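Below is one structure, written out as structure tokens, with a few remarks after it.
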Amino acid sequence: MRKIYILILLFSLIISCNKSDLSFPPDNQILEEDAIQDSDDLQQLLNSAYDVLANTYNGNCQNLKTLMADNIAAPNNNYDYMEVFNRNTLYFNGTIGQYYQQPYIAIYRCNYLIENIDIVDSLPSEDAIRLLSEAKFIRALCHYDLVNLFAHPFGYTSDNSHDGIIIKNSTDPSPLPRSTVNQVYDFILSDLEYASDNLPLSNGNYATKYSADALLAHVYFQMNNLNNALSSCNSVINSGQFTLDNDSLFLERYRSTINSEMIFGTISTSNLDVRSSGFSNNYRSDVNDNPTLRASSSIYDMTQEFGINEDRRTAWFEIKNIGLENEFIAIKKFNKEYFNVPILHLTQMYILRAEIQTRLGNLVQATEDINKIISRAYITASQIVNSSVTDQELLDIIKRERRLELCFEGDRLYTLKQYGVFYEQDLEIRNALWSCDGFLLQFPATSQTNLFVQNPPGGC
């Protein structure tokens, strides 16, 4: 039996070590006609999709989101990042081009699995369903971030007929036009609902039902479908599978050990690992005297609002070169060496549920949720929310805690766009209206075909 052999030695996996690892070629071609002959080949193909996913969420995706929001100062010594920060990206931005390619490679491998799973006659039905469900989860996650970075958000037009991204639901290489945002979201929901219904409750470090439900919560919230988002949050929180880190461990969310909050993420296995390199190479403020990414004064000042050393999250920041012309605020949220990268975690779910409950008028439940986050973040109990709070006061508190708690994790941009669409049409992000075309990444030049419509030039 012929096999496709490993091309690159991998130092870490997004998956547990007890399943085999095989890396398929780094383009969108499966080179061997008989690449899939048994269940091991299917698992190896899926593993290779997870592997690409790990490269996508090693900081590449998260940093692009962070650069367009308001938690980061102007990047240092990185022209590609400066384009993103300035909201005026070009077709030839190499960083964007690399990011754009990776999700579609993962999607291609998932599609190849979906199309060829019937080749293995002896595959038990429960294994087939699990493999299909994992592939659809990965495919949905990739489409979700692509559509939010390269298209205006859901709700930008009343019927969501504005240009989205190319939906890839097969391995057919024929050029395709961009689908509408409505079509993309329908596709994402279809994949995630299938995954939620069919993934196992536990699956090692692979995707589970709760991975799908956590992502569904984000997707529904982005669509302002609050009731469905609430249901998805409840599924994860009420499962009992995950627990919040205590008041010291939550400061080390990005650490090299598994934590009880992680719903889905990449797992690093050694300090030779590159799975967190997109973070460590750009932040590494505790060992790098001149890091590329630094905190904005606005996010740092929020940690000082209630007094020095009141907010434990001040540990995530350090002022460097005090009093000098090159003074800056360094970021220490990420482990200085290798670490696991949580893509979906329990803190997100509690903060999201608190906001949803507030907007639905369920203030008691919302207060309970946000106090779980606040009780860890502040040294004294002075910031605990009491029962007399108004809905607007509570919403303001939740929005503040969301910004602080999830800073630099890639959450902020999507949150602000959702607010702009549904609640604050005049909202500005660093002095630019949320709807400005500059908040769209420009597609790489290699994506251009006669059918493909590029984004308008940015700048705002």
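The values are calculated or read from the model by the stated rules, or taken from the named source; none is laboratory data. This one's a predicted model, so the numbers in the text were calculated from it and none came from an experiment. Ideal geometry is used to build each Cβ from the backbone, glycine not excepted, and the neighbour counts take in all protein chains shown.
For the reader, a short list of remarks on this structure follows.
- Residue, nearest to the chain's Cα centre (by Cα), within the range 224-282, restricted to residues that are farther than 19 Å from L346 by Cβ and of a type in the set (A, V, I, L, M): V274
- Checking N282, N371, N288, N386 one by one, the residue that is within 28 Å of N205 (Cβ to Cβ) and of a type outside the set (G, A, S) is N282 and no other.
- Considering the range 269-293, the residues that are surrounded by 21 or more Cβ atoms within 10 Å (Cβ to Cβ) and farther than 23 Å from A74 by Cβ include one that is modelled with the highest pLDDT, namely S276.
- One residue stands out among those in the range 294-309 that are in a loop (DSSP other than H, G, I, E, B) and at pLDDT 95 or above: the one that is farthest from R403 (Cα to Cα), which is R294.
- Criterion: under 19 Å from N455 (Cα atoms) and either surrounded by fewer than 19 Cβ atoms within 10 Å (Cβ to Cβ) or at pLDDT below 95 (or both) - qualifying residue of Y100, Y91: Y91
- The listed residue being of a type in the set (S, T, N, Q) and buried (at least 22 other Cβ atoms within 10 Å of the Cβ), out of T257, T266: T266
- Within the range 73-88, the set of residues being aliphatic (A, V, I, L, M) and either in a loop (DSSP other than H, G, I, E, B) or at pLDDT below 95 (or both) comprises A73, A74.
- Complete set of residues in the range 294-303 that are closer than 19 Å to Y81 by Cα and either aliphatic (A, V, I, L, M) or surrounded by 18 or more Cβ atoms within 10 Å (Cβ to Cβ) (or both): R294, A295
- Any pair with Cβ under 7 angstrom, 6 or more apart, that starts in the range 73-96 at a residue that is closer than 21 Å to R430 by Cα and without any contact (Cβ under 8 Å) to a residue 40 or more places away in the chain and ends at one that is among the basic types (K, R) and in a loop (DSSP other than H, G, I, E, B): none
- Being buried (at least 17 other Cβ atoms within 10 Å of the Cβ) and within 22 Å of S202 (Cα to Cα) holds for only one residue in L123, L131, and it is L131.
- Consider the range 159-186 and keep the residues that are among the hydrophobic types (A, V, I, L, M, F, W, C) and part of a loop (DSSP other than H, G, I, E, B). The one that is nearest to R139 (Cα to Cα) is I167.
- Residue in the range 143-155 that is crowded, with 16+ Cβ neighbours inside 10 Å, part of a helix (DSSP H, G or I) and hydroxyl-bearing (S, T, Y) present: yes
- Residue match in the range 266-277 (condition: of a type in the set (D, E), more than 20 Å from E355 (Cα to Cα) and out of contact with any strand residue (DSSP E or B) (no Cβ under 7 Å at 6 or more places or on another chain)): yes
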